[in-house]
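Down below is the structure, laid out as structure tokens.
The values are calculated or read from the model by the stated rules, or taken from the named source; none is laboratory data. Here the structure is a predicted model, which is why all the values come from computation and not from measurement. Neighbour counts are summed over all protein chains in view; Cβ atoms, including those assigned to glycine, are modelled from backbone coordinates with ideal geometry. The accessibility values were calculated without ligands, DNA or RNA, using every heavy atom of the protein model including side chains. Shrake-Rupley method; radii C 1.70, N 1.55, O 1.52, S 1.80 Å.
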Amino acid sequence: MEKTVIQFILDNILLFLPIGITGIVTTIMLCFISKKETISESEDLKSDLITLFNIKLNIYVLVYLFIWIIIIIIGLSSNYIIPTIIGGILAAIPIILMMLIEFMAKNSKGL
């Protein structure tokens with residue numbers, strides 16, 4: 001039995017690396033290959049926005065960012081610096097994609 005989760009992952013890196021890469025590649029492919037549907041009615045996405053210090057933020061990005069920061073703090077306090085940095089970079093991909101999609105949606109609607 002392995003002593004830590006990190007040691008287990010490092011011992012089985014050949015198993016986890018293809019799974020992780022497949023997930024990242026699939027996410028990016030779905031982001032850029034997806035087709036835009038032509039819907040006559042537009043959805044009101046303002047319910048996802050909250051105002052914090054006179055800045056409008058998407059609640060989902062804010063929650064994911066909070067979880068990401070907590071993961072980084074726990075990893076760094078556990079003395080697993082290199083796995084924390086690599087995991088933090090990989091975990092930042094959804095945050096970046098959510099911000100990119102929101103930015104692209106604002107520019108396409110002309111808001």
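Hey, any idea what Rg/Rh is for the chain, computing Rh the Kirkwood way over Cα pairs?
A ratio of 1.07.
For a paramagnetic label modelled at 7 Å from the Cα of residue 26 toward its Cβ, which residues of segment 60-91 fall within the zone defined by backbone nitrogen distances under 17 Å?
So the set is 91.
Would you work out what percent of the accessible area of the chain, with all protein chains in place, is carbon or sulfur (probe 1.4 Å)?
Using a 1.4 Å probe with all protein chains present, the chain comes out at 72 percent carbon and sulfur.
Output the 0 to 90 degree angle, nearest 10, between the alpha-carbon long axis of helix 13-33 and the longest principal axis computed from the alpha carbons of the chain.
Computed tilt is about 10 degrees.
Which angle from 0 to 90°, rounded to the nearest 10, does the C-alpha axis of helix 59-77 make with the longest principal axis of the chain?
Helix 59-77 sits roughly 20 degrees off the main axis of the chain.
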